[in-house]
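Encoded as structure tokens, the structure appears first; notes follow it.
The values are calculated or read from the model by the stated rules, or taken from the named source; none is laboratory data. On a predicted model such as this, the values are computed, not experimentally measured, just so you know. Because the Cβ atoms are built from the backbone with ideal geometry, glycine has one as well, and the counts that use them run over all protein chains shown. What goes into the accessible areas is simple: the full protein's heavy atoms, side chains included, and nothing from ligands, DNA or RNA. Shrake-Rupley method; radii C 1.70, N 1.55, O 1.52, S 1.80 Å.
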Amino acid sequence: MTVEGTHDVAFAQLVNEADWVTADGVPLTWAIRLLQGLPQERVAGIDMLPDLVRRAAEEQLPVFFYGSTPDVLAKTVAVCQERYPSLQLAGTLSPPFRPLTEAEESDVIDTINTSGARLVFVALGCPKQERWMAQMRGRVQAVMLGIGGALPILAGTQRRSPRWMQQNGLEWVFRLAVEPRRLFKRYAVTNSLFLLYLTRQFWRTKRGADSRRQHIL
């Protein structure tokens, strides 16, 4: 998402205008500490989703799952009913893997709004889910939360990396090993660009700090 925002100013703007943005990846927390000197914990959708669903069940807040595949959604519903029997499931919807027509878009909005959902978990993947939520702002009458690839983990259709890999920023290595054909190009390009942009930003920040220091002296 960070690399996408670097290439696409409009995308960066819609992310920056979101009500809540979290550092999903460990490398992002490292970058924040390196560039800003601020401690930052990882706040990942994979970790947050079970807690949010549990809290929604406790608070009697109806939830809606939008995105992913029908199979994953069905398994998600089964897992939620088993783990959180008091959860109010407002509905699920797996959209087609293509742009929606205006009529289809209106149907989606009506389906979600009439369901009574208070929380909508959006699992369309980056950057599609961020663009969709920005487009639906003010039209979907619920809090929308982008959760990326968290649903297959919750549903049990995919395994998650060992804890030590998560803590050391190596979760992408595990995912690459599981889905090499789909993810190789994405990680080879995106990870390399992230390191390049981070290095460039670090030296710009350092030069700026040195310049200010000299001016003060």
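Could you tell me whether Ala31 is open to solvent by less than 40 Å² (accessible area, probe 1.4 Å), without any contact (Cβ under 8 Å) to a residue 12 or more places away in the chain and of a type outside the set (S, T, N, Q)?
No; evaluated as a whole, the condition is false for this residue.
Taking region 53-107 as the region of interest, how many residues are without any contact (Cβ under 8 Å) to a residue 60 or more places away in the chain, of a type in the set (D, E, K, R) and within 18 Å of Leu124 (Cα to Cα)?
Selection size over region 53-107: 4.
Just need a number here: residues in region 1-42 that are assigned to a helix (DSSP H, G or I), polar (S, T, N, Q), more than 13 Å from the chain's Cα centre (by Cα) and closer than 26 Å to Phe174 by Cβ. Steps first, please.
Within region 1-42, the first condition is being assigned to a helix (DSSP H, G or I), and the residues that meet it are 2-7, 9-16, 26-36.
Still in the list and also polar (S, T, N, Q): 2, 6, 13, 16, 29, 36.
Remaining after also requiring more than 13 Å from the chain's Cα centre (by Cα): 6, 13, 16, 29, 36.
With closer than 26 Å to Phe174 by Cβ added as a condition, the list becomes 6, 29.
So the count comes out to 2.
Can you name every residue in region 55-85 that is in a loop (DSSP other than H, G, I, E, B) and hydroxyl-bearing (Ser, Thr, Tyr)?
Listed by number, the residues that qualify are Ser68, Thr69, Tyr84.
Within region 86-193, which helices (runs of 4 or more DSSP H) (wholly inside it) include 3 or more residues that are surrounded by 13 or more Cβ atoms within 10 Å (Cβ to Cβ)? Let's see the steps before the verdict.
Numbers: elements: 102-115, 128-136, 150-155, 163-167, 171-178.
In region 86-193, 102-115, 128-136, 150-155, 171-178 are the helices (runs of 4 or more DSSP H) which contain 3 or more residues that are surrounded by 13 or more Cβ atoms within 10 Å (Cβ to Cβ).
Consider Leu154 carefully, then state whether it is modelled with pLDDT of 95 or more and not hydroxyl-bearing (Ser, Thr, Tyr).
On the way: modelled with pLDDT of 95 or more: no; not hydroxyl-bearing (Ser, Thr, Tyr): yes.
So Leu154 fails the test.
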